[in-house]
Amino acid sequence: MYCHKCKKKLDLPSKKVGFKETCFFCEADLHVCKNCRFHLIGKPNDCLVPNTEYVSDREKYNFCEEFSFKDNLSDQETKSKKDISKKLFDEESDDDSKNDFDSLFKD
């Protein structure tokens, strides 16, 4: 099990965490959507479990009874926001854009 925020491995004897339990390393809440194995962006309420209550902040503790700690980090969580953005929108890096702009004015 890993913390969604600091990505450090947590050594918890059971997979159960209290509603207000926090990470030993960064003190982030642990009973949060981003640590749940049912959390999936794009599903209704970003959750695989149908008809769950709406959670406005997915990084703050909640009282969801369906919560189940996920075992490992997903691929999305190990990539940086810049990597994900580049893949989704096929964005050029700032350096590429600057080089393209500079090449317009070269003799």
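Identify the GluC sites (Glu not before Pro) of the range 1-59 meeting these criteria: DSSP loop state and at most 12 other C-beta atoms within 10 Å of the C-beta.
Here the GluC sites (Glu not before Pro) that fit, given the DSSP loop and packing criteria, are E27, E53.
DSSP loop trypsin sites (Lys or Arg not before Pro) in the range 26-66 with at most 13 other Cβ atoms within 10 Å of their Cβ, which ones?
K60
In nm, give the distance between the simple-model label positions of D57 and S14, each being 7 Å from the Cα along the Cα-to-Cβ direction.
2.8 nm
Where does each of K106, K98, K5 land when they are ranked from fewest to most other beta-carbon atoms within 10 angstrom?
K106, K98, K5
Values quoted throughout were computed directly from the atomic coordinates according to the rules given, and no laboratory measurement underlies them. Here the structure is a predicted model, which means the values were calculated and not measured. Note that we place each Cβ from the backbone using ideal geometry, even for glycine, and neighbour counts take in every protein chain shown.
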